[in-house]
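Questions regarding the structure given below will be posed in turn.
The values are calculated or read from the model by the stated rules, or taken from the named source; none is laboratory data. Everything quoted here is computed from the prediction, not taken from an experiment. A quick note on method: Cβ atoms are made from the backbone with ideal geometry, for glycine too, and the neighbour counts reach across all protein chains shown.
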Amino acid sequence: MSTAIYGLIVMPPQYFLEERNGLRNPPAITHPEYYYGFIGVVIAWQVLFLIITQNPIQYRPMMLPAILEKAGFGVAAIVLFAQQRIALEMLGAGIIDLGLLVLFVVSY
C-alpha cells in the first residue's frame, strides 16, 4: 500500500509542473504527449498497486510486472546518471523505485 500512496502523492502534481520541470532539467519538454502520458501510466500503476494490496494472494501474478515496472525506471536512472544525462534528483527517484522493487520481491 505504501508504494501506491507514495506514487499517488508524488505524481499528480507533475501535471502542473511541466514548465518548471523543463526549466530545472533542460532541455525544455518538446513532446508534452510523452510527459503527460508517462504521468498517466504511472498513476494507473498506483491504482493497480492498491488493487494488489486488497488481495495479494489472488493478484500475486501482477506483482511480476510491478517488479519490472520498478526495475525499468530504477536501472535506467542509474545508467543515465552514470552517463551524466539526468540530475541527482532523478537518480534519487530511481533509487526509491529500486527500494520499492525489493519490497515487491520480498512480498512475492
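If I ask for residues that are surrounded by 12 or more Cβ atoms within 10 Å (Cβ to Cβ), in contact (Cβ under 8 Å) with a residue 12 or more places away in the chain and in a helix (DSSP H, G or I), which ones from the range 22-46 would you list?
Selection gives Y35, Y36, I39, V42, I43, W45, Q46.
Shifting gears a bit: Quickly run through the range 1-21 and pick out the residues that are among the aromatic types (F, W, Y), out of contact with any helix residue (DSSP H, G or I) (no Cβ under 7 Å at 6 or more places or on another chain) and surrounded by 12 or more Cβ atoms within 10 Å (Cβ to Cβ). Can you show your working first?
Here is the first cut: in the range 1-21, the residues among the aromatic types (F, W, Y) are 6, 15-16.
Applying the additional criterion that residues be out of contact with any helix residue (DSSP H, G or I) (no Cβ under 7 Å at 6 or more places or on another chain) yields 6, 16.
Within the range 1-21, Y6 is the sole residue that qualifies.
Additional query: I need every pair where a residue in the range 92-108 that is surrounded by fewer than 12 Cβ atoms within 10 Å (Cβ to Cβ) and part of a helix (DSSP H, G or I) has its Cβ under 7 Å from the Cβ of a residue that is modelled with pLDDT under 95 and basic (K, R), sequence separation at least 6 or different chains.
From the range 92-108, no pairs qualify.
A follow-up question, please. Of all residues in the range 48-75, count the ones that are surrounded by 12 or more Cβ atoms within 10 Å (Cβ to Cβ) and over 16 Å from L98 (Cα atoms).
Result for the range 48-75: 9.
Okay, moving on. Quickly run through the range 45-99 and pick out the residues that are under 19 Å from I5 (Cα atoms) and among the polar types (S, T, N, Q).
Q46, T53, Q54, N55
Follow-up. Residues in the range 58-73: is at least one of a type in the set (V, I, T) and assigned to a loop (DSSP other than H, G, I, E, B)?
No, there is no match, as no residue in the range 58-73 is of a type in the set (V, I, T) and assigned to a loop (DSSP other than H, G, I, E, B).
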